[in-house]
C-alpha cells in the first residue's frame, strides 16, 4: 500500500489549503444566507416617489392622484424647472406628472397625453407609466359610457386594488431554507479542494526519477493505479462525508425533516464524482504549481459564476445558460433548484431531478475517458 500511503501523506501536507477553502465556503454560505434571510416572503407593491404638478385641481385630477398614491408616495411640487431638476437629481422624486388644466376634457375625453418627466435608465418610470395608462384607459371607458366627471372619480375610487396571495410551493413559507444555500455553493468547495489536492499529488508522482523507480518496482502497475484510485476515492468521500455532517449538524431538524435529505446527498455525491474525475484530468495535465493555481481558479470560479452557483440562474442570460449546459455544475444546480422550489417531489418532478443527476454521471464518465486517453498517450510517448 505504498502508493496509497504516499497519496495520503501528500494530502495531509495540503491540509491547510483544505481548511482554508472550507473556511471560504462556510463564509460565503453564511453571508448569502444572511442576505436571503432579509428578504420578505410577503408580497408588497413597489413604492415610487412621484412628483405631482396639479394644474387642474378638479375631481378627475384628484382621482388620478389618489389612484397613483395607492401604491406610491405622492410629492406635490411647484412648476419651477430648476426645483424639478434638483428633485430628480437628488432622487427626491423619480417620476414627475404634470396634470394640465381641463384634464377631463383634454386627456380623458380627448387624446392629449400627460406631460411626464422621469429619471433616465430606471424601471420605476415604466412602473408608474403603466399605472397612469391603466387609469386613463379605465376613465375613458367610463367617459364613453356617459359618466360625468364626478361619477368617473367615484367609480375609480370604488375600484379595489388586486389582492396577492403568496403560495407556499416549497413548504418553507415562500422563502428558501438555509440548507438549500449551503448545498448551492458546495461545488465550489469540491472543485477547489479536489483539483488542488489531486493536482499536487499527481505532480509529486511525476517528479524526478520517481516514475522510473515506480516502473521498475516489484509492485505491478495495475496495483499502483488501483491504490491511487482508492486513495483518491477515500479523500473525496471523506470530504463529502464531512460536508454532509456539517449540513446535518447545522440545520438538524429543518434539513432532516424536509423529506429531501436523500436527494440532496445524492446530488452532492454525484457532483463530487464529476469534480473528482475533473481533478484527475487537471492533475494529469499540469506541470507546475503556478499553472495548477491558475487552472483551478479559472475552472472553479468560471463554472460557479456561469452555472448558477454565485449568480442565480434567473439572472443569467440565455446564451450563458446554453453554454453552461456543457458543464456538470449546471446540472447540479438545476437539480438543486428543483429541490429548493418544491416541498414534495411528485413523479414528473422526480423524473426531471433524476435526469439532471444522470447527466452529471455522464460528465464524470466523460472526464474519466479523457483522463485515460491522456494517460495512454503519455505512456506511449515515454
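Taken together, the values in this text are just the output of simple stated rules run on the coordinates, not laboratory data. Predicted, not measured: the structure shown is a model, and the values here were computed from it. Neighbour counts are summed over all protein chains in view; Cβ atoms, including those assigned to glycine, are modelled from backbone coordinates with ideal geometry.
For the range 183-314, the square roots a ≥ b ≥ c of the C-alpha gyration tensor eigenvalues yield an a/c of 1.5 or more together with a/b not exceeding b/c, which makes the shape oblate. Only helical runs count toward this figure. For the chain, summing -39,500 (n - 2.57) over DSSP H runs of n ≥ 4 and dividing by all residues gives -22500 deg cm²/dmol at 222 nm. Sorting 274, 300, 126 from the fewest to the most surrounding beta carbons within 10 angstrom yields 126, 300, 274. Quick one: angle between helix 261-285 and the longest Cα principal axis of the chain, in degrees between 0 and 90, rounded to 10, please. Around 60 degrees separate the two axes.
Packing, as the average of other Cβ atoms within 10 Å across residues, places the peptides 315-326, 257-268 in the order 257-268, 315-326, highest first. Sorting 148, 334 from the fewest to the most surrounding beta carbons within 10 angstrom yields 148, 334. Cβ crowding within 10 Å ranks 288, 122, 71, 371 as 288, 122, 71, 371, fewest other Cβ atoms first.
With respect to the chain, whose longest principal axis is taken over its alpha-carbon atoms, helix 347-381 is tilted by about 40°.
The distance separating the Cα centre of the range 252-270 from that of the range 325-353 comes to 13 Å. Which log10 I(q)/I(0) values does the chain give at q = 0.06, 0.13 Å⁻¹ under the Debye formula, counting every alpha carbon as one identical point scatterer? Debye output, listed in q order: -0.42, -1.03. Across the range 69-118, the relative contact order, built from alpha-carbon pairs under 8 Å that are at least six residues apart, equals 31 percent. Shape class for the range 49-158, computed from the alpha carbon gyration tensor (a ≥ b ≥ c): prolate, with a/c not under 1.5 and a/b above b/c.
For the pair the range 117-161 and the range 183-198, the centres of their Cα atoms are 54 angstrom apart. Under the classification rounded if a/c is under 1.5, otherwise prolate if a/b is larger than b/c and oblate if not, where does the range 304-382 fall, given a ≥ b ≥ c as square roots of the Cα gyration tensor eigenvalues? It is oblate, given that a/c is not under 1.5 and a/b is not larger than b/c.
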